[in-house]
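*Asks:* One structure, pasted below without further comment.
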Amino acid sequence: MLTRNLKNLIQLRTFCSSKKKIFDWKEIKFKTKVPQETVKSQFSEKTERIKITENEIFLLEKLSLVDLERKEAVKVLEDSIEFASKIHNINTENVEPLYTVLENYQLTLRDDKVTDGNIKKDVLRNAVKTEEDTYFIAPK
Amino acid sequence: MFGIIQLNLCKLFNRNLRIKTINNGHKTFSTKPKLKANVFKSVIGLEIHAQILSESKLFSGAKNTFASEINSCVGLLDAGIPGCLPVLNKRCVEAGVKTALALSCAINEVSMFDRKHYFYSDLPSGYQITQQRAPLAGKGSLIFPVITPANNSKPYYKAVRIHQIQLEQDSGKSLHDDELKISLIDLNRAGIPLMELVFEPDLEDGEEAAALVKELILIFNSIETCSCKMEEGALRVDANVSIHKEGEPLGVRTEIKNIGSVRGVAQAIAYEIERQKIVKIGGGVIINETRQWDAISKTTIPMRDKEVVQDYRYMPEPNLLPLHLNMNGNESDELVNVKSIQKSLPVLPQGLRDELINKYKLSETTAIIIVNDPVLHKYFQDIINSNQLRSPKLITNILINELLTTCNKNKTDLEKCPISAKQLGELIDMLESHELSLNLAKLVLQEMFHNQKSPQVIATENDWKQISDDKEIRKICEKVLGSESGQKMQQQYKAGKSKILLAIAGEIKNKTNNRINMAKVMDMLKELLK
Amino acid sequence: MSRLTTLSIKQLSRKFDEKSICPKELTIKTFSRIKEDNKKLNVFTALTEDHAIRKAGESAMRINDGKKLPLDGILVSVKDNFCTKSVPTTCASKMLKNFTPTYNATVYDKLEKAGAILVGKTNLDEFGMGSGCIDSIFGSSKNFWSEDYNNPRICGGSSGGSATSVAAGFCMASLGSDTGGSTRNPASYCGVVGFKPTYGLLSRHGLIPLVNSMDVPGILTKSVDDCLQIFNTIAGPDKLDSTTIKKPFNPIELLKQIDFKNLKVGIPREYNCEGLTSEVLEAWTKMADFLEENGAQIHEISMPYTTSSIFVYSILNQCEVSSNFSRYDGIEYGHRADDETSTENLYAKTRAEGFNNVVKNRIFAGNYFLLRKNYDKYFLKALKVRRLVSDDFSKAFKNVDLLLTPTTLSDAPLLNEFVKNHNRDQCAVQDFCTCPANMAGIPSITIPVKLSSNKLPISLQLMGPNFSEQLLFSTAKFIEDSVDFLSNYHKM
């Protein structure tokens, strides 16, 4: 049944599309404005590779708490830093940082009313461990 | 106007510059006497967190309250549930602006929020939203009186600079259960709005710090942006303390946390200064560490969780656009209007002290003491306002010396004193008209503590009214002079023993059960013995 | 492909009115197809069959009573990083495998209130980090157009599941998210329409964040009309999201006629970058030509900072990730490791077990860049270059109305080729054409235009200035009508 409907549909579409021109992907009518060759970056691709120190690794491990295997983590990090170092080839003198694309908008303020809370069940619902369905629990 | 003076003072003020006297009306500025070299100087900087009085929290609509059922005032945002975004409470911005204006701070038209990252079980998001880089308000100053009750020294004024005021979130609470070896986490407090006031290290000792906190509490009470209930954690004071010798650079500082009262501020800092002195004199080294004040042992102890490894990685909060304020007073519903908040500022403590001094001609010390205690101040206002002719000096005298004593005797706090201003007013009138002597007035005061009766009624009932009528005094004097002992004393007086007058007066005093106007007795006797 | 799903939303809705199709039956039929075909494609992280059938019944009742809501009976899927009340929202991560939100994301809520029916949550790269839809605890999703499902093509990512669910006809529309191209990339590979709105027009409340300053909800559909209809349903300010623009939203209508004589289309030369295949280049060239043929002025322009977008993006992405992900500690929700010796140990073990390596490495790097000593050198510097990227667009739009570029550099790669590269490199190549729009916040739409020699979809991207959605949709519709890509589905 599906095949029959499909055939019908194709016939229907062919009928409709015979009214419409089938798109010609080959013919180019005008001198193209699309560059036909790869365009290289205007900026140097120079990178800087940094060696992470023991202290830095220790600090990062404490700040991240993700327990990555150290050697691999350091390599991936150093790769990331090297990749990121390309930004140093760009001159940003007198350029202000773009913190948010909405920088020209003002922060909307909320009226001081109690509109939330009193949802203890919802707040605790996804906690794996609670104390008497009342407290969250952390190790001492 | 006052703000401008303070700002100009800030420009002059430099920690190393001694201000001998600055003539600002009546106020006398001074610093401690110059210390000898080799003696330690102490430097104190306070960081104060004040919970804002508002209905709801800083970024969520959950209730801002103390001591509620566990985890009942928590929105999903406060629990760090993913996908929830912060929305800023207008009232908190207004409170921050009002506080900053009261402290003569420069208000920043545009301010931004940052994330301060660290892991802790009472911080569900793993970061606190604060304003580190571009805070709500910048530099300001506060001038306040320092008066130490202990040695009753002459009060002096201290100027302290404010570095910045920022809005930020409070964290939740973790309660340690030693038995189960777990921490129980209650997030009711998570997200409650705080103002952090960062002061420059311009203070020199614990008493100055306590006085600063006292002044702040007075200001907060008048502008109603913070309840200041230190016992509820609504006002938290951390002190940075260091010592150094004259001419040497600043010493390593320690941070003192967990101070729970104004007295505690003075005590904790005094203790820490001494502790550091002892260490240094003994050849030791001060470690840059956080210590907590233990009010029971009255010592500071190093805190267990030492943050040896820390970098807060401040990052602009991407979910909050820059906060704009309406600075120039034009109508705008959405933005917080700084000019109208400025207009709504009540008279601040210094203004109240100025009023007492200028309008009522009270001394500086008296003005400081009265304003320092809002209950006393209210009494004063009520009493003077119901009768402008009353002597301000007498009123304050009674309030400071007698009322407080009576409360102490009855083991009652001044706030709970049952004596009404009306009663006190009448008592003062009776003193002024010499219907009562001071000693009898004290008795009446004690009586009034236990009942609502007016002083007139009490005095009459107990027959404590002072005899002040001239005719009656003459009669009594003549009677005593006419008695056998009286005549003898007369002769002694006429023989040249002028001091015998006191003895005669003393007899009159005894005979009338100390209920006679002694000044008038003396005058009368002199007249009669002429 | 069921003929029913080749209908547009409006057409299907009319069939409901005419009673020639019943929403409940359609839903049941669709689910039997889903359960069969999903074994091959692995699109969903969760199916909501009972819920859907119940909702379809409600839709049917409303239609009978003449109280039809605009999207009654219309099946939709939602990427599994949008919070859906009482339906697990896992972000394809062990960390949130056990997380069931107690609230709806605003954009999903609006769909539901308009009568739309959720068929299920769709697969993604864990937490949205990836361009292939391969890094998921549920396994990789397969591209509907793959020649051989045993040697499949990638769907693209991170909203790969969403794109495939639409391409395979499991639903009429899907909500995805777009941070660096995560909606447009899989749309391109899967031959569906993918739309990224102006930042601030769609609420992010309930969208579990990746990079807050760039994330937007995205829409995937088979046609431009459908996409516009969904957009009009869910757009508008949200008081729960401070980054939505607070002006009231007026639903957009397509332009009746595009004024080609006054339409200036820009071709940024830098988008012919390393890795661009000749077939995509040809399609791009031809489409520019076609627009010119219709009267538009085509201008080659330069947007020099395009090439730096990708490494700026990598810095900002990693920094925001390290920040956003510090909340995952197992205490309030999510995975909790079995280690109660100390808070620090619990956190470390929970996060070690909960996150895959892609996530962990981004957290690690992000923390490095945010260290006080590195802040100016990397994070602040990246924000400055971000402004330069954004300024490229502002300058361009002073002279042109729209930009025409490729979406992805090629047709869908083979999975076994794709996995040979590290995640960062994968993204660097895949996101080249798409991430600049996220940095500037501007809207963008991708439309499939033809099939490659591998019989895989090739798409092109239109970008416009903020709030130019009307022109974008209208131009996209014109192109769509002209190329008639949908007929390719019948060859399947």
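*Asks:* All but one of (1) buried (at least 19 other Cβ atoms within 10 Å of the Cβ); (2) under 16 Å from the mean Cα position of the chain (by Cα) hold for residue B:378, so report the exception by its number.
*Replies:* So the condition that residue B:378 fails would be (1).
*Asks:* Considering each residue of the stretch B:105-121, count those that are open to solvent by less than 20 Å² (accessible area, probe 1.4 Å) and farther than 16 Å from residue B:323 by Cβ, and give that number.
*Replies:* Filtering the stretch B:105-121 for residues open to solvent by less than 20 Å² (accessible area, probe 1.4 Å) gives B:105, B:111, B:113-115, B:117, B:121.
Still in the running and farther than 16 Å from residue B:323 by Cβ: B:117, B:121.
Residues that pass the stated criteria total 2.
*Asks:* Okay, next question. Looking for something at pLDDT 95 or above and surrounded by fewer than 24 Cβ atoms within 10 Å (Cβ to Cβ) - is there at least one such residue anywhere in the stretch C:118-134?
*Replies:* Looking through the stretch C:118-134, at least one residue is at pLDDT 95 or above and surrounded by fewer than 24 Cβ atoms within 10 Å (Cβ to Cβ).
*Asks:* Moving on. Quickly run through the stretch C:233-273 and pick out the residues that are in contact (Cβ under 8 Å) with a residue 24 or more places away in the chain, surrounded by fewer than 18 Cβ atoms within 10 Å (Cβ to Cβ) and among the charged types (D, E, K, R).
*Replies:* The answer is C:253, C:261, C:264.
*Asks:* On to the next question. Taking the options C:326, C:309, C:342, name whichever one is within 13 Å of chain B (Cβ to nearest Cβ), among the small types (Gly, Ala, Ser) and crowded, with 22+ Cβ neighbours inside 10 Å.
*Replies:* Values: C:309 fails: within 13 Å of chain B (Cβ to nearest Cβ); C:342 fails: crowded, with 22+ Cβ neighbours inside 10 Å.
Sole residue among the options that is within 13 Å of chain B (Cβ to nearest Cβ), among the small types (Gly, Ala, Ser) and crowded, with 22+ Cβ neighbours inside 10 Å: C:326.
*Asks:* Which numbered condition in (1) part of a loop (DSSP other than H, G, I, E, B); (2) within 30 Å of residue C:392 (Cβ to Cβ) is the only one that residue A:52 fails?
*Replies:* (2)
*Asks:* Right, here's the next one. How about the stretch B:328-342: which of its residues are touching a helix residue (DSSP H, G or I) at 6+ places or on another chain (Cβ under 6 Å) and within 13 Å of chain A (Cβ to nearest Cβ)?
*Replies:* Passing the criteria: only B:336.
*Asks:* Also, I was wondering about something else. Please state which one of C:475, C:408 is over 19 Å from residue A:101 (Cα atoms), of a type in the set (S, T, N, Q) and not in a loop (DSSP other than H, G, I, E, B). Break it down into steps so the answer makes sense when it comes.
*Replies:* Numbers: C:408 fails: not in a loop (DSSP other than H, G, I, E, B).
The match here is C:475.
*Asks:* Here is a follow-up. Quick one: which helices (runs of 4 or more DSSP H) sit completely within the stretch B:449-530 and have at least 3 residues that are more than 21 Å from residue B:428 (Cα to Cα) and among the aromatic types (Phe, Trp, Tyr)?
*Replies:* On the way: elements: B:455-461, B:470-482, B:484-494, B:500-511, B:518-528.
Filter on the stretch B:449-530 gives an empty set.
*Asks:* Pull up the stretch A:53-82, narrow it to residues that are within 22 Å of residue C:345 (Cβ to Cβ) and among the basic types (Lys, Arg), then point me to the one that is nearest to the other protein chains (Cβ to nearest Cβ).
*Replies:* A:62
*Asks:* May I ask you to verify whether residue A:70 is among the basic types (Lys, Arg) and open to solvent by 100 Å² or more (accessible area, probe 1.4 Å)?
*Replies:* On the way: among the basic types (Lys, Arg): yes; open to solvent by 100 Å² or more (accessible area, probe 1.4 Å): no.
No, not satisfied.
*Asks:* Conditions first: (1) within 8 Å of chain C (Cβ to nearest Cβ); (2) at pLDDT below 90; (3) assigned to a loop (DSSP other than H, G, I, E, B). Residue A:45 passes all but one, so which condition is the exception?
*Replies:* (1)
*Asks:* Do we have residue A:96 as over 28 Å from residue C:343 (Cβ atoms), acidic (Asp, Glu), open to solvent by 30 Å² or more (accessible area, probe 1.4 Å) and at the interface with chain C (Cβ under 9 Å from one of its Cβ atoms) here? Reasoning before the result, please.
*Replies:* Working: over 28 Å from residue C:343 (Cβ atoms): yes; acidic (Asp, Glu): yes; open to solvent by 30 Å² or more (accessible area, probe 1.4 Å): yes; at the interface with chain C (Cβ under 9 Å from one of its Cβ atoms): yes.
Yes: the conditions hold for residue A:96.
*Asks:* Any residue in the stretch C:377-397 that's more than 9 Å from chain A (Cβ to nearest Cβ) and touching a residue at least 60 places away in the same chain (Cβ under 8 Å): show its pairings with residues that are assigned to a helix (DSSP H, G or I) and hydrophobic (A, V, I, L, M, F, W, C) at Cβ separation under 7 Å, as long as the two are six or more apart or on different chains.
*Replies:* Close Cβ pairs (under 7 Å, with a partner that is assigned to a helix (DSSP H, G or I) and hydrophobic (A, V, I, L, M, F, W, C)) amount to C:393/C:440.
*Asks:* In this structure, is residue B:102 more than 30 Å from residue A:129 (Cα to Cα) and out of contact with any Pro (no Cβ under 8 Å at 6 or more places or on another chain)?
*Replies:* Numbers: more than 30 Å from residue A:129 (Cα to Cα): yes; out of contact with any Pro (no Cβ under 8 Å at 6 or more places or on another chain): yes.
For residue B:102, the condition - more than 30 Å from residue A:129 (Cα to Cα) and out of contact with any Pro (no Cβ under 8 Å at 6 or more places or on another chain) - is met.
*Asks:* Okay, next question. Can you tell me which residue within the stretch C:330-339, out of those that are within 7 Å of another protein chain (Cβ to nearest Cβ) and without any contact (Cβ under 8 Å) to a residue 40 or more places away in the chain, is farthest from residue B:84 (Cα to Cα)?
*Replies:* Here the residue is C:336.
*Asks:* Mind checking which residues of the stretch C:201-230 are within 20 Å of residue C:402 (Cβ to Cβ) and either free of Cβ contacts under 8 Å to residues at least 24 places away in the same chain or crowded, with 24+ Cβ neighbours inside 10 Å (or both)? Break it down stepwise before answering.
*Replies:* Here is the first cut: in the stretch C:201-230, the ones within 20 Å of residue C:402 (Cβ to Cβ) are C:201, C:216, C:218-219, C:223-225, C:227-228.
Across the stretch C:201-230, the qualifying residues are C:216, C:218, C:219, C:223, C:224, C:227, C:228.
*Asks:* Among the numbered conditions (1) closer than 21 Å to residue B:315 by Cβ; (2) open to solvent by 20 Å² or more (accessible area, probe 1.4 Å), tell me where residue A:60 comes up short.
*Replies:* Only one criterion in (1) closer than 21 Å to residue B:315 by Cβ; (2) open to solvent by 20 Å² or more (accessible area, probe 1.4 Å) is unmet by residue A:60, namely (2).
*Asks:* Taking the criterion of being over 24 Å from residue B:459 (Cα atoms), in a loop (DSSP other than H, G, I, E, B) and either small (Gly, Ala, Ser) or touching a Lys or Arg at 6+ places or on another chain (Cβ under 7 Å) (or both), would at least one residue in the stretch B:357-374 satisfy it? Break it down stepwise before answering.
*Replies:* Here is the first cut: in the stretch B:357-374, the residues over 24 Å from residue B:459 (Cα atoms) are B:357-374.
Within this subset, residues satisfying the condition of being in a loop (DSSP other than H, G, I, E, B) are B:359-363, B:373.
Then keep just the ones that are either small (Gly, Ala, Ser) or touching a Lys or Arg at 6+ places or on another chain (Cβ under 7 Å) (or both); that gives B:362-363.
Scanning the stretch B:357-374, I find at least one residue that is over 24 Å from residue B:459 (Cα atoms), in a loop (DSSP other than H, G, I, E, B) and either small (Gly, Ala, Ser) or touching a Lys or Arg at 6+ places or on another chain (Cβ under 7 Å) (or both), so the answer is yes.
*Asks:* Does the stretch B:62-78 hold any residues that are within 36 Å of the chain's Cα centre (by Cα) and facing another protein chain (nearest Cβ under 7 Å), and which are they?
*Replies:* B:62, B:63, B:70, B:71, B:72, B:73, B:74, B:75
*Asks:* Count, please, the residues in the stretch C:291-306 that happen to be more than 7 Å from every other protein chain (Cβ to nearest Cβ) and not in a loop (DSSP other than H, G, I, E, B). Please lay out each step first, then the result.
*Replies:* First, the residues of the stretch C:291-306 that are more than 7 Å from every other protein chain (Cβ to nearest Cβ): C:291, C:294-297, C:301-303, C:305-306.
Still in the running and not in a loop (DSSP other than H, G, I, E, B): C:291, C:297, C:301, C:306.
Matching residues across the stretch C:291-306 total 4.
*Asks:* Sort out for me the strands (runs of 3 or more DSSP E) sitting completely within the stretch B:131-196 that have 3 or more residues that are free of Cβ contacts under 8 Å to residues at least 24 places away in the same chain. Even if it seems obvious, please write down each step before you answer.
*Replies:* Details: elements: B:140-146, B:156-169, B:173-177, B:182-186.
Passing ranges, in order: B:173-177.
Listed here are the residues, each with its yes/no results for (1) assigned by TED's automatic domain parsing to the domain that holds residue B:286; (2) modelled with pLDDT of 95 or more; (3) closer than 30 Å to residue C:370 by Cβ; (4) among the basic types (Lys, Arg).
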{"position": "B:32", "(1), (2), (3), (4)": "yes, no, no, yes"}
{"position": "B:53", "(1), (2), (3), (4)": "yes, yes, no, no"}
{"position": "B:81", "(1), (2), (3), (4)": "yes, yes, yes, no"}
{"position": "B:105", "(1), (2), (3), (4)": "yes, yes, yes, no"}
{"position": "B:109", "(1), (2), (3), (4)": "yes, yes, yes, no"}
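*Asks:* Here's a follow-up. Tally up the residues in the stretch C:11-65 that are farther than 30 Å from residue C:136 by Cβ and either in a helix (DSSP H, G or I) or open to solvent by 30 Å² or more (accessible area, probe 1.4 Å) (or both), please. I'd like the intermediate steps shown before the answer.
*Replies:* As a first pass, look at the stretch C:11-65 and keep what is farther than 30 Å from residue C:136 by Cβ: C:11-25, C:57-65.
Narrowing the set further to residues that are either in a helix (DSSP H, G or I) or open to solvent by 30 Å² or more (accessible area, probe 1.4 Å) (or both) leaves C:11-20, C:22-25, C:57-65.
So the answer is 23.
*Asks:* Just for the stretch B:47-61: of the residues that are open to solvent by less than 10 Å² (accessible area, probe 1.4 Å) and of a type outside the set (D, E, K, R), which one is farthest from the other protein chains (Cβ to nearest Cβ)? Walk me through it before giving the result.
*Replies:* Residues of the stretch B:47-61 open to solvent by less than 10 Å² (accessible area, probe 1.4 Å): B:48, B:50, B:52, B:56-61.
Subsequent filtering for residues that are of a type outside the set (D, E, K, R) retains B:48, B:50, B:52, B:56, B:58-61.
Working: B:48: 23, B:50: 17, B:52: 10, B:56: 5, B:58: 10, B:59: 9, B:60: 5, B:61: 3 Å.
Top of the filtered list is B:48.
The values are calculated or read from the model by the stated rules, or taken from the named source; none is laboratory data. Computed from a prediction, not measured in an experiment: that's the story for all the values here. Note that we place each Cβ from the backbone using ideal geometry, even for glycine, and neighbour counts take in every protein chain shown. We work out accessible area using only protein heavy atoms, side chains counted, and drop any ligands, DNA or RNA first. Shrake-Rupley method; radii C 1.70, N 1.55, O 1.52, S 1.80 Å.
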